[in-house]
Amino acid sequence: MVVAFLVTAFAAPGFLLGDDENGAAADRAPDAGDSPAANLVDEIGRRFLAHDENGLNQLACSGAEVAIEGYTREAEMYQAFTLNGPIQETAGTATATAHVVLEAEGRRVEGDLVISLADENGSWCLKDLEEARK
């Protein structure tokens, strides 16, 4: 969860800290494409950048609230959300990876976030969020 991510990042100086000294970062979600899944990824990025925890939770698939709550609870910390590449869509699922920057209490943390989507009854929803494993 991002909670463990932030604890590790803040407890271990230099871990995932940005090298950008002027603090400049992309502050908007890029256009992920035209598919319904891509539109949802764009919406997720916009809601993180708007610090809209409730809006993010409304995008969750049924039963996914617990899987994403650690990330959505910290929506107010998100300062940047930039896709790392194209969305990978397969039958009924989609995955995207975004580089995110979080700031809290004067500390800056960056890392990659894997976004998993599902097509439930013809409507795309947010199934899971997790840190990208490197």
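So here's what we get for this one:
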{"quantity": "Residue in segment 44-51 that is assigned to a strand (DSSP E or B) and under 11 Å from the mean Cα position of the chain (by Cα) present", "calculated": "no"}
{"quantity": "Of the criteria (1) within 16 Å of the chain's Cα centre (by Cα); (2) surrounded by fewer than 17 Cβ atoms within 10 Å (Cβ to Cβ); (3) of a type in the set (Gly, Ala, Ser); (4) within 20 Å of Asn39 (Cα to Cα), which one Ala132 fails", "calculated": "(4)"}
{"quantity": "Residues within segment 88-134 that are in contact with a helix residue (DSSP H, G or I) (Cβ under 9 Å, 6 or more places away or on another chain), under 18 Å from Val66 (Cα atoms) and among the acidic types (Asp, Glu), tallied", "calculated": "3"}
{"quantity": "Residue check for Glu105: at pLDDT 90 or above and in contact with a His (Cβ under 6 Å, 6 or more places away or on another chain)", "calculated": "no"}
{"quantity": "Pick from segment 33-56, criterion under 23 Å from Pro86 (Cα atoms) and among the charged types (D, E, K, R), ranking: surrounded by the most Cβ atoms within 10 Å (Cβ to Cβ)", "calculated": "Arg47"}
{"quantity": "Residue, farthest from Gly45 (Cα to Cα), within segment 57-81, restricted to residues that are in contact (Cβ under 8 Å) with a residue 24 or more places away in the chain and surrounded by fewer than 17 Cβ atoms within 10 Å (Cβ to Cβ)", "calculated": "Ser62"}
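The values are calculated or read from the model by the stated rules, or taken from the named source; none is laboratory data. Quantities reported herein were computed from a predicted structural model and do not represent experimental measurements. Neighbour counts run over all protein chains shown; Cβ positions are idealised from the backbone, glycine included.
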